Amino acid sequence: MAIMNIREAIVSTLHAEMERDSDIILLGEDVVGGNGTAGGPEAIGGIWGTSPGLWKKFGPERVIDTPISESAIIGAAAGAALSGKRPVAELMFADFVGVSLDQIWNQMAKFRYMFGGKTKCPAVVRLVYGAGMQTAAQHSQSVYAMLTAMPGLKVVLPTTPADAKGLLTEALRGDDPVMFFEHKTLYGVKGEVPEGDHRQRFGEARVVREGGDVTVVACGRMVNFSEKAADAVAKDGIGIDLLDLRTTSPLDEDAILESVEQTGRLVVVDESPPRCSLAADIAAMVTERAFTSLKAPPAMVTAPHSPIPFARNLERAWVPSPQKIEEAVRRVLAFR
Amino acid sequence: MQLNRDELLGAYRRMKTIREFEERLHEEIKTGEIGGFTHLYAGQEAVAVGICDQLTVDDKIVSTHRGHGHCIAKGCDVKGMMKEIYGRAGGLCKGRAGSMHIADLEVGMLGANGIVGGGAPQAVGAAIAARIDGKGRVGVTFSGDGACNQGTTFEAMNLAVVTKVPAIFVFENNHYSEHTGDAYAVGTSKDIASRAEGFGMKAWRANGCDFFETYAAFTELLEYVRAGNGPAAIELDTERYYGHFEGDPQRYRGKGELDRIRAERDCLKAFRARVTGAALLTDADLDAVDAEVLALIEEAVAEARADEQPDPATVADDVYVEYY
Ligand SMILES: Cc1ncc(C[n+]2csc(CCOP(=O)(O)OP(=O)(O)O)c2C)c(N)n1
Ligand SMILES: [Mg+2]
């Protein structure tokens, strides 16, 4: 086991996988950085520091700095994937899905189905997402629910360095398009990472805690916030089953249902507005499939139905907080 | 071009205001009080002012993530902007926008934009509206050497050409999109204006660090567009004095590059030399403006600091005009 943070886990996995498989290519804005400047290529290595050393090691044919052209980045990834390569395309901010949506949604996601199962599109899109840095309405969104709703895409959200490695490796070795979400506030999260080959299967939730009283389902940064809420209620002897989904498509329905069948109480935490959200999706699934086990209505802890504001205190008010999660836990427990 | 004394003083004041606004923000950001991304416009003042000084309040501009200069040049309230950047209730957008999304529709400033390339089509829309309104107004979009590579920019240029609307595409080439040089990312041998020509538009080129050259080129362009000849473009060669965003280590810069561009390509210094050399204004005239501008910025920062934070209960207000 090595100790590293999520950023380092991503970088080392990209290095290892690109070494292992010469079909893997990387493209995105400033993934090299410094091209066409006095400082020279790799003056930067990605604004999030997630691609240093790759250009030097694998060269400009496999590590491609792109102009600001998200439709072309994703479209080129789609075409390269249809042509036998395994592209990793980086969207510097997940919000730029808005610019490139056609290539993700109408193209990449649907090739296999439309073409009668005759092709595959093994592309990985890395998306940097999430609020918490006051990056306001167009640089903070968690657009995973929208992509989860699109048949043909797999959607992955690591919250630990081990999972960052395991899930990215799985994405790079699988044959379907994968939306790989990296929360901008989690890059520095440290943890143990297994050495050598480490693959984490999709659709297997991580059991963060077993407490038995209330099931809390979360993904991304909301897992960390839910842990804080779990600590807070633990002082009153309340035990939380905390599930980190790891992937929202496929979804580990069994893990959620098994836990709710034990606890009878569900809180779903989602860093996005409530309508047509992941929280709503899971609450509906549980209500339909485990209705008789429920002792209280499922609670959704989400952001309000609004874009993300800039001001520090407004952004804090927007993001679901550990306190709001704690309140929801107490509310479902108090329900009679 | 004959600018009278008041026009010259006004242009200088606006350029200086932009410069000092940005120089001060560069310092204030180090205190940690200002969050998010702040992209400073220092170095490019002659572009914003050379262009916006010739527009009326009813002409519309659409800006970029590097929008402070466009805002000030178009007449946004400097104190309201500062409050906005501090995330205060009294900000131009109630603290919801921050640096990256400042807008003031009352002065025809349709918004800074966090999405590179997001604005160009909107200027075409403003031009469509302007033509219908029939008062000779125009829609202006500012785009960088990075934004000129975005599909939306191409689509907007072609739409403007085929509809012959009074849209103006201003390309500010500061030679970098984030950390990547225009020599790498712009395919047309660094000549952005040629792209506009390729779409069938008339295009001008000027030194964007020279107020008078920028102003004169834009005078011609504006006359052409206001006369109903359809859209036009202008490429300005300019410089950004700071990093892409505040906190950028700028490892892509050449040795001595920042000192060189400050020494050789400073629109304020060039302006002063020109107007004093021609005895249009005196150093004392300009020094007086400098002092007033510095005092204004000082007040703006003090008032922003003292202003209240927005009420968290308002976080989901203003999403719709009406929701039922
Ligand atoms: C659609 C989109 N892609 C990428 C970014 C990230 N980004 C912000 S500014 C910028 C560079 C813009 O370069 P340019 O258009 O030359 O403007 P400048 O920063 O030089 O003023 C990039 C890549 C963004 N905000 N929006
Ligand atoms: Mg630029």
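Inside the stretch A:314-336, can you point out the residues that are within 14 Å of another protein chain (Cβ to nearest Cβ) and open to solvent by 30 Å² or more (accessible area, probe 1.4 Å)?
Within the stretch A:314-336, the subset within 14 Å of another protein chain (Cβ to nearest Cβ) is A:314-321, A:323-324.
Result: A:316, A:323, A:324.
For residue B:94, indicate whether it is open to solvent by 20 Å² or more (accessible area, probe 1.4 Å), assigned to a loop (DSSP other than H, G, I, E, B), charged (D, E, K, R) and more than 16 Å from ligand 1 (Cβ to nearest atom). Steps first, answer last, please.
Details: open to solvent by 20 Å² or more (accessible area, probe 1.4 Å): yes; assigned to a loop (DSSP other than H, G, I, E, B): yes; charged (D, E, K, R): yes; more than 16 Å from ligand 1 (Cβ to nearest atom): yes.
Criteria met by residue B:94.
Can you go through B:219, B:214 and tell me which one is open to solvent by 40 Å² or more (accessible area, probe 1.4 Å), away from ligand 1 (no atom under 15 Å from the Cβ), among the hydroxyl-bearing types (Ser, Thr, Tyr) and closer than 24 Å to residue B:9 by Cα?
Numbers: B:214 fails: open to solvent by 40 Å² or more (accessible area, probe 1.4 Å).
Matching residue, one of B:219, B:214: B:219.
Give the number of residues within the stretch B:251-291 that are within 13 Å of another protein chain (Cβ to nearest Cβ) and of a type in the set (Gly, Ala, Ser).
Narrowing the stretch B:251-291 to residues within 13 Å of another protein chain (Cβ to nearest Cβ): B:251-258, B:260-261.
Those still in the list that are of a type in the set (Gly, Ala, Ser) too: B:254, B:256.
The number of residues fulfilling the criteria is 2.
This table checks each residue for (1) away from every other protein chain (no Cβ under 14 Å); (2) in a loop (DSSP other than H, G, I, E, B).
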{"residue": "A:128", "(1), (2)": "no, no"}
{"residue": "A:133", "(1), (2)": "no, yes"}
{"residue": "A:137", "(1), (2)": "no, yes"}
{"residue": "A:147", "(1), (2)": "yes, no"}
{"residue": "A:152", "(1), (2)": "yes, yes"}
{"residue": "A:162", "(1), (2)": "yes, no"}
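Please name all residue pairs, on different chains or six or more residues apart, with Cβ atoms under 7 Å, provided the first residue is in the stretch A:102-127 and is farther than 30 Å from residue A:6 by Cα and the second residue is not in a helix (DSSP H, G or I).
Listed pairs, sorted by first residue: A:110/A:152; A:111/A:119; A:111/A:121; A:112/A:119; A:112/A:120; A:112/A:121; A:112/A:152; A:113/A:152.
Just one of the numbered conditions (1) within 14 Å of another protein chain (Cβ to nearest Cβ); (2) surrounded by fewer than 18 Cβ atoms within 10 Å (Cβ to Cβ); (3) within 16 Å of ligand 2 (Cβ to nearest atom) is not true of residue B:189; which one?
(3)
I'm told residue B:168 meets every condition in (1) within 14 Å of ligand 1 (Cβ to nearest atom); (2) under 19 Å from the mean Cα position of the chain (by Cα) except one. Can you identify the failing condition by its number?
(1)
Cβ-Cβ distance below 6 Å, separation of 6 or more or different chains: which pairs start in the stretch A:154-168 with a residue that is farther than 25 Å from residue A:112 by Cβ and end on one that is part of a helix (DSSP H, G or I) and open to solvent by less than 10 Å² (accessible area, probe 1.4 Å)?
Going by the 6 Å Cβ cut-off, the qualifying pairs are A:159/A:223; A:161/A:6; A:161/A:9; A:164/A:6; A:164/A:9; A:164/A:10; A:165/A:9; A:165/A:13.
Only one of A:279, A:284 is part of a helix (DSSP H, G or I) and open to solvent by 10 Å² or more (accessible area, probe 1.4 Å); which?
None of the others qualify; the one that does is A:284.
Could you tell me which numbered condition residue B:172 fails, if it satisfies all but one of (1) away from ligand 2 (no atom under 16 Å from the Cβ); (2) over 26 Å from residue A:60 (Cα atoms)?
Residue B:172 satisfies every listed condition except (1).
What's the number of the only condition in (1) on the phi > 0 side of the Ramachandran plot; (2) touching a residue at least 24 places away in the same chain (Cβ under 8 Å); (3) more than 11 Å from every other protein chain (Cβ to nearest Cβ) that residue A:59 fails to meet?
That leaves (2) as the condition not met.
From the list B:27, B:7, B:33, which residue is of a type in the set (D, E, K, R), part of a loop (DSSP other than H, G, I, E, B) and either touching a strand residue (DSSP E or B) at 6+ places or on another chain (Cβ under 8 Å) or surrounded by fewer than 23 Cβ atoms within 10 Å (Cβ to Cβ) (or both)? Spell out the reasoning first.
On the way: B:27 fails: part of a loop (DSSP other than H, G, I, E, B); B:7 fails: part of a loop (DSSP other than H, G, I, E, B).
Selected residue: B:33, the only one of B:27, B:7, B:33 that is of a type in the set (D, E, K, R), part of a loop (DSSP other than H, G, I, E, B) and either touching a strand residue (DSSP E or B) at 6+ places or on another chain (Cβ under 8 Å) or surrounded by fewer than 23 Cβ atoms within 10 Å (Cβ to Cβ) (or both).
The values are calculated or read from the model by the stated rules, or taken from the named source; none is laboratory data. As the structure is a prediction and not an experimental result, all values here were calculated from the model. Backbone-built Cβ (ideal geometry, glycine too); neighbour counts: all protein chains shown. When the accessible area is computed, the model is the full protein with side chains, heavy atoms only, and any ligands, DNA or RNA have been set aside. Shrake-Rupley method; radii C 1.70, N 1.55, O 1.52, S 1.80 Å.
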